[in-house]
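Working notes for the structure below.
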Amino acid sequence: MKIFKKKFEVDEDFLLVTSLLYIYIPIVIFLFLWTKIYIAAPVVVAVTFCLYAMISEVRKNRENVFTGEVIIRPNVWIFILLSLVILVFCYYMGWSGDAPQTSDWPKHNAVLRDLINYDWPVYYYLGNRSMLTYYIGQYIIPAFAGKMAGGSFEVAQYVMLFWNYIGIMLTFCWIIVLTRAVSSKRQIACTFMLFFFGGALPVAQIIVTSWFEVGFFHEFDYFRFLNYDSIYLQYRSNITDMRWVFQQCIVPWLSILLFYRYKNYRKHYMVMLLPNMLYATLAFIGSAFMAIFEAISSIVKRIKEKLKVSVIIKEIFSIQNILMFLTFGSVMILYFWGNVFSEKPDNMSFEFQLTSIEFLFTYVVFALCMFGLHGICIYRKYKANATYYIVMGILTVIPLFKMGFWNDWCMSLSIPPLMVLMIMIIRYLFDEVHNAAEGFRRGILVALLAIGALYPIMETTQIIKADDFQEKQECDWYYSLSQFANRDREDANDDLKYNYYSYDLENNIFVNYIARESDEKAGTIR
């Protein structure tokens, strides 16, 4: 039975190249099919140069930078089994429309269908003339497949499942690499964390509802939010990210894991993080904060060691970083400009939240239960690690601000730092216990993780029970976003009217100078 002891190896170079291809292939398609050829071609050349420069430097310096090459060496059958388990979980995320979908999916399905049926870029004419301006990166491959299949929405759905599954598997592989989970038991633990990691929300809810003497289920959506009196605080669990906002988490997870692995490669920060703009704008801001503070900590460290700071400055302002920002970064800024900086209702504006005692109490409880106690438990391991303080600092500040009716700022900006916190926690749990105090801290942490996994497990159980294998269960109420592209429509909520479009196109630089010409006729769907 030697076959059951067979090992296989996937080296880190393969993961790096594959991950970058996964991230950048939709970007290349976007550039060539959304922008004029004389814009797309030089930008793609610049991006290709920067990608090649990063891959070459990582391969060249690996032995000098890392203490040892980390590769995946699992038992082949265990790894295959875990891959199948992950595939089953991906099915239950609703990506193919076969399993139950969440109430966010009418929008996801409408975006996907419009990308299939309309010319690119997508313009709407049924209300105010507008352009679809959204973080569409994760939709591009499925939509492209649907177009090639004669406008088949069903083909696009199954390609969506397949494409998202690849992204989750790459994320899983990087979790293995970064936590050194080379044993089967550790990889099983990583699989559990991939889907069920989250803060101890039930404890926070019990404390807040008891303090304010309100019913435990007094607000909707208790699986996800800490709600009280229009206070919406949420740090999503991983499974909530995948079920509700897959387009905002898969590539940002990959991106921040690459950054965490190669954070000493400051010349290539833009290559690793800038793509997030097309996939999840707020998650990009969260990862950008991490990069900025990592760079600052490197400068401070060199000052303390009385070394030349100019070395770090040159790396930060490398040709690759500047070139990526001036080319792809400029296109992305101009693409989103008409959406982000358009006039919007007050309930969607950016604001500081710490304005009442009620909020202060809710915020403190939220911070402690969702990440603070976890951070205290692992402090001794990471007390000399700048990334630890950066992650904890960003997670502490994010909830003090609000943007969007449901506070998208809090939910999405936290995606990158929460993933890094999860990696740190896993690495801490994989260490040996040396004394009783360490064992006590580990016990507290495991209890917090178990409580945090409660809602994701309950949600998964509900999905499985509600699944009907005999028919599609997609939420497809809207069909197209064209009907909401009208700021004067009073029966549509502000989220639908303002989050997905650029209006006033006559003054839009992207539309007038960068976007491809479209022969889309008013009111038609292709």
query: Looking at Ala283, is it touching a Cys at 6+ places or on another chain (Cβ under 9 Å), in a helix (DSSP H, G or I), farther than 15 Å from Val47 by Cβ and small (Gly, Ala, Ser)?
result: yes
query: Out of the stretch 58-108, which residues are outside any helix (DSSP H, G or I) and at pLDDT 85 or above?
result: Met93, Gly94, Trp95, Ser96, Gly97, Asp98, Ala99, Pro100, Gln101, Thr102, Ser103, Asp104
- request: Could you list all residues from the stretch 341-367 that are crowded, with 18+ Cβ neighbours inside 10 Å and without any contact (Cβ under 8 Å) to a residue 40 or more places away in the chain?
  value: Ala367
- line: Scanning the stretch 321-340 residue by residue, those touching a Phe, Trp or Tyr at 6+ places or on another chain (Cβ under 8 Å), open to solvent by 50 Å² or more (accessible area, probe 1.4 Å) and at pLDDT below 95 turn out to be Trp337
task: Looking only at the stretch 497-522, count how many residues are within 12 Å of Ala485 (Cβ to Cβ), modelled with pLDDT of 90 or more and part of a loop (DSSP other than H, G, I, E, B).
output: 2
So Lys465, is it in a helix (DSSP H, G or I), surrounded by fewer than 20 Cβ atoms within 10 Å (Cβ to Cβ) and basic (Lys, Arg): yes
Residues that are surrounded by fewer than 22 Cβ atoms within 10 Å (Cβ to Cβ) and either touching a Leu at 6+ places or on another chain (Cβ under 9 Å) or not in a loop (DSSP other than H, G, I, E, B) (or both), drawn from the stretch 205-215: Ile206, Ile207, Thr209, Ser210, Trp211
- prompt: If a residue has to be under 12 Å from the mean Cα position of the chain (by Cα) and charged (D, E, K, R) to count, how many in the stretch 228-242 make the cut?
  reply: 2
task: Could you list all residues from the stretch 497-515 that are under 26 Å from the mean Cα position of the chain (by Cα) and among the charged types (D, E, K, R)?
output: Lys497
- line: Of the residues in the stretch 380-438, those that are touching a strand residue (DSSP E or B) at 6+ places or on another chain (Cβ under 7 Å), outside any helix (DSSP H, G or I) and open to solvent by 20 Å² or more (accessible area, probe 1.4 Å) number 3
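The values are calculated or read from the model by the stated rules, or taken from the named source; none is laboratory data. On a predicted model such as this, the values are computed, not experimentally measured, just so you know. Don't worry about glycine lacking a Cβ; one is built from the backbone with ideal geometry, like all the others, and counts go over all protein chains shown. The protein model used for the area step is the full one, side chains on, heavy atoms only, and it has no ligands, DNA or RNA in it. Shrake-Rupley method; radii C 1.70, N 1.55, O 1.52, S 1.80 Å.
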